[in-house]
Ligand SMILES: [Fe+2]
Ligand SMILES: [Fe+2]
């Protein structure tokens with residue numbers, strides 16, 4: 001996600017946040033099915049499923065099968081082959097609906113089109129929510145226009161619809177969705193970094209390096225200490241996303257739209273499955289990270305996103321992506337799952353209701 005310059009601030013490189021959120025070097029507490037290409041029932045290398053497969057009790061006449069994956073990042077070279085292999089498997093497996101939970105590709109719309117075309121043979125409904133990477137822009141482009149006009153049109157061209165704008169009813173099951181966004185409510189308060197640094201999406205150590213943030217540093221110099229200046233990371237949405245409004249405003253806008261979807265679906269269905277890109281619950285934010293990575297917690301999601309979901313008793317399951325960190329929690333009456341695809345290992349979950 002972060003492709004910062006290979007320069008040094010005060011002798012330290014301004015560095016990637018997102019790569020460090022990837023758990024490839026860490027053990028995950030739950031079982032992950034590792035693939036062995038020599039065994040026909042296994043997935044190929046680079047494709048993993050978050051949780052063990054359920055027993056074969058799927059009855060197509062009575063069961064709704066919804067497949068959710070996330071963070072295919074098809075614009076990133078090392079992500080491309082694992083994404084292709086995952087798509088092949090998911091198309092073969094089929095289901096009533098497939099949902100891509102964001103960050104399918106980045107600024108290059110042709111790559112997004114290619115990624116969606118990988119699912120041409122999927123036999124059920126094809127749905128997606130955009131991720132923050134899908135809102136990355138170049139030049140005069142506007143992320144809000146991308147989100148509300150360009151992406152839905154491109155998705156439709158490829159046989160998908162964007163859940164943010166078109167919630168779906170499949171029998172007694174409703175599917176709602178949103179990109180979600182962040183409002184810094186998940187920020188790690190223990191770091192003591194002043195809020196304006198989060199709004200600028202730059203940690204003090206990186207801000208001290210870049211001339212464009214000289215004013216920000218000057219304004220808050222009295223509140224910064226050496227430890228703050230050791231934190232030299234940036235969140236690249238600050239450079240690549242242009243919404244024309246604050247993050248808090250955009251977060252509220254998409255949360256309100258999701259609340260409207262839930263209010264609309266609830267009287268008509270027995271259960272609602274929600275898919276969001278950003279994290280709806282702070283419980284899903286990776287904990288115990290070093291400060292340079294803990295800075296990124298602010299950009300993981302928003303408390304109000306979870307509150308909107310919890311306010312609807314019909315929401316039984318929520319799926320998200322974004323952190324590249326697989327996790328599963330029960331929050332209130334909701335089963336919350338982070339799919340946890342990384343750049344090199346794609347994961348998915350099949351939900352049968
Ligand atoms: Fe991602
Ligand atoms: Fe993301």
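The values are calculated or read from the model by the stated rules, or taken from the named source; none is laboratory data. This one's a predicted model, so the numbers in the text were calculated from it and none came from an experiment. All Cβ positions, even for glycine, are placed from backbone atoms using ideal geometry, and neighbour counts span all protein chains on display.
Observations on the structure shown:
- Filter result for residue 265 (in a helix (DSSP H, G or I), within 30 Å of residue 350 (Cβ to Cβ), away from ligand 2 (no atom under 16 Å from the Cβ) and in contact with a helix residue (DSSP H, G or I) (Cβ under 7 Å, 6 or more places away or on another chain)): no
- Of all residues in region 210-242, those being surrounded by 13 or more Cβ atoms within 10 Å (Cβ to Cβ) and not in a helix (DSSP H, G or I) number 10.
- Residue count for region 273-294, restricted to those that are at pLDDT below 95 and part of a helix (DSSP H, G or I): 4
- Selection from region 287-315 of residues that are within 16 Å of ligand 2 (Cβ to nearest atom) and surrounded by 21 or more Cβ atoms within 10 Å (Cβ to Cβ): 295, 296, 297, 298, 299, 300, 301, 302, 305
- Selection status of residue 107, modelled with pLDDT under 95 and more than 21 Å from residue 86 (Cα to Cα): no
- Scanning region 80-105 for residues that are on the phi < 0 side of the Ramachandran plot and in a loop (DSSP other than H, G, I, E, B) yields 96, 104, 105.
- The residues of region 304-321 that are over 15 Å from the mean Cα position of the chain (by Cα) and in a helix (DSSP H, G or I), listed by number, are 304, 307, 308, 309, 310.
- Flag if residue 144 is buried (at least 23 other Cβ atoms within 10 Å of the Cβ) and either assigned to a helix (DSSP H, G or I) or modelled with pLDDT under 95 (or both): no
- Selection count, region 83-108, where residues are away from ligand 1 (no atom under 16 Å from the Cβ) and either in contact with a helix residue (DSSP H, G or I) (Cβ under 6 Å, 6 or more places away or on another chain) or touching a residue at least 60 places away in the same chain (Cβ under 8 Å) (or both): 6
- The set of residues in region 243-255 that are surrounded by fewer than 19 Cβ atoms within 10 Å (Cβ to Cβ), assigned to a helix (DSSP H, G or I) and in contact with a helix residue (DSSP H, G or I) (Cβ under 8 Å, 6 or more places away or on another chain) contains only 252.
- Qualifying residue in region 120-131 (condition: within 12 Å of ligand 1 (Cβ to nearest atom), at pLDDT 95 or above, over 18 Å from residue 342 (Cα atoms) and buried (at least 18 other Cβ atoms within 10 Å of the Cβ)): no
- Answer from 159, 171, 131 - the residue that is closer than 24 Å to residue 286 by Cα and in contact (Cβ under 8 Å) with a residue 40 or more places away in the chain: 131
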